[in-house]
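**Student:** Sharing a structure below in structure tokens format, with a few things to ask.
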Amino acid sequence: MSLLRFDNVSKRYAGGHEALSEVSFSMAEGEMLFVTGHSGAGKSTLLRLIHLSERPSRGAVLINERNLNKVRGRGVALQRRRVGIVFQDHRLLTDRSVFENVAMPLVIAGVPRAEIDKRVRVVLEKVGLGEREKATPLELSSGEQQRVGIARAVVGRPALLVADEPTGNLDPQLAAEVMQLFASLPAAGTSVLVASHDLALVKRMRKRVLVLDHGRLVDDISPEDLAA
Ligand code: ADP
Ligand code: ADP
């Protein structure tokens with residue numbers, strides 16, 4: 001069974017041209033894959049459809065073979081909790097500590113305090129910020145801020161993590177470190193889909209790559225093909 005499947009998905013924004021045209025692919029559990037393409041190719045749109053911040057004009061997005069078109073009302077918030085999301089600008093709350101930022105999704109989900117404390121500390125250790133839980137985001141470097149954003153996205157143990165240009169504001173060294181962190185997630189049960197226009201960085205990761213061009217899926221490159 002696929003974890004994520006796009007079945008002939010098209011998306012046209014009100015008044016715009018088609019941002020995605022007849023896109024089909026599937027992603028297995030435990031996979032890490034990249035979506036690349038120039039600016040405007042449709043990468044963010046594809047992620048927004050997974051996260052239910054937009055709906056397809058035609059076709060269907062399925063998670064664990066569940067058609068997201070059928071997820072409505074209260075189901076939307078529940079479904080969103082199963083997908084972690086990381087933004088380029090990380091969108092941290094600057095008046096809250098690192099700990100509180102990462103704890104937020106668990107607080108919203110009503111997880112008991114003792115459980116929250118335990119899970120936040122485990123995740124902060126994993127992203128290398130075990131010593132910084134009391135800091136506020138503005139006291140951190142941009143690489144550390146991005147790692148807080150990743151910790152917040154994975155603390156709820158989502159089956160799938162999507163990230164939109166997560167290394168866009170990072171220097172090459174930090175970008176490579178953040179990518180390695182993503183690459184470690186599938187083994188811990190979180191599959192990862194990363195949108196990035198940084199083709200050089202993407203190629204170095206030796207993972208499957210989907211290529212979008214003007215809303216069309218024009219290539220699906222396996223790690224073996226990348227290596228060749
Ligand atoms: P990418 O992330 O690859 O840069 P986007 O998915 O952001 O691509 O955009 C794909 C196309 O859809 C672009 O032509 C963009 O201008 C358009 N687009 C994106 N978001 C909207 C929106 N909310 N309303 C109208 N057009 C949009
Ligand atoms: P991204 O590359 O992450 O999509 P953008 O700067 O393209 O970031 O988009 C920022 C916001 O502007 C998004 O909410 C998107 O929906 C909206 N947007 C993008 N392109 C257009 C467009 N052509 N018309 C209207 N809204 C747009």
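The values are calculated or read from the model by the stated rules, or taken from the named source; none is laboratory data. Everything numeric here is computed off the predicted structure, so don't read it as measured data. Using ideal geometry, Cβ is built from the backbone for each residue, glycine included, and neighbour counts are taken over all protein chains shown. Just so you know, the surface numbers come from the protein's heavy atoms only, side chains and all, with ligands and any DNA or RNA stripped out. Shrake-Rupley method; radii C 1.70, N 1.55, O 1.52, S 1.80 Å.
**Student:** Using amide H atoms built 1.01 Å from N in the peptide plane, name the residues 5+ places from residue 84, or on other chains, whose amide H lies under 5 Å from its own.
**Tutor:** Residues meeting the criterion, in which the H sits 1.01 Å from N, are 160, 161, 162.
**Student:** Next up: Apply 1/(1 + (r/R0)^6) to the Cβ-Cβ distance of residue 199 and residue 125, taking R0 = 35 Å, and write down the FRET efficiency to the nearest 0.05. Mind showing how you got there, number by number?
**Tutor:** Details: r = 32 Å, r/R0 = 0.93.
For R0 = 35 Å, the calculated efficiency reads 0.60.
**Student:** On to the next question. Based on Cα positions only, what radius of gyration and what Dmax would you give for the chain, in angstroms?
**Tutor:** For the chain, the Cα radius of gyration and maximum Cα-Cα distance read 17.3, 50 Å.
**Student:** Using only Cα atoms, what is the ratio of the radius of gyration of region 91-166 to 2.2 N^0.38 Å? Walk me through the numbers before you get to the answer.
**Tutor:** Numbers: Rg = 11.5 Å, N = 76, 2.2 N^0.38 = 11.4 Å.
Against the empirical 2.2 N^0.38 Å value, I get 1.01 for region 91-166.
**Student:** Here's another thing I want to ask about it. Nothing charged except the Cβ atoms of Lys and Arg (+1) and of Asp and Glu (-1): what's the magnitude of the dipole of region 86-157 about its Cα centre? Round to the nearest 20 debye.
**Tutor:** Values: 12 positive and 10 negative charges, 54 e Å.
In total the dipole reaches around 260 debye.
**Student:** Once you keep just the Cα pairs under 8 angstrom separated by 6 or more residues, what percentage relative contact order results for region 72-173?
**Tutor:** Values: 127 pairs, mean separation 49.8, N = 102.
Relative contact order here is 49 percent.
**Student:** Continuing with the same structure: Compute the angle between helix 113-126 and the longest alpha-carbon principal axis of the chain, please, reported from 0 to 90 degrees and rounded to the nearest 10.
**Tutor:** 70 degrees
**Student:** A further question follows. Where the centroid of each part is defined by its Cα atoms, how far is region 151-228 from region 59-119 in Å?
**Tutor:** 20 Å
**Student:** Of all the accessible heavy-atom surface of region 86-157, with the other protein chains kept in place and a 1.4 Å probe, what percent is carbon and sulfur? Before the final figure, lay out each step's value.
**Tutor:** On the way: 1910 of 3700 Å².
Here carbon and sulfur together make up 52 percent of the probe-accessible area.
**Student:** Here's a follow-up. Considering only protein heavy atoms, what per residue accessible area in square angstrom results for the chain with a 1.4 angstrom probe? Intermediate results must be reported in sequence, preceding the final value.
**Tutor:** On the way: 11010 Å² over 228 residues.
So the chain comes to 48 Å² accessible per residue, rounded to a whole number.
**Student:** Under 20 Å between C-alpha atoms is the cut-off here; go through the chain and count lysine pairs that meet it, provided they're at least eight residues apart or on different chains.
**Tutor:** On the way: 11/43; 11/70; 43/203; 43/207; 118/126; 118/134; 126/134.
The result is 7.
**Student:** Shifting gears a bit: In a shell of Cβ-Cβ distance under 10 Å around residue 212, excluding residue 212 itself, what net charge do Lys and Arg (+1) and Asp and Glu (-1) give?
**Tutor:** On the way: positive: 43, 216; negative: 213, 219.
Summing Lys and Arg as +1 and Asp and Glu as -1 gives 0.
**Student:** Using the Karplus curve 6.51 cos²θ - 1.76 cosθ + 1.60 with θ = phi - 60°, work out ³J(HN,Hα) for each residue of region 67-80 in order, rounded to whole Hz, and write x for Gly and Pro.
**Tutor:** 6, 5, 4, 8, 8, 9, x, 5, x, 5, 4, 5, 5, 4
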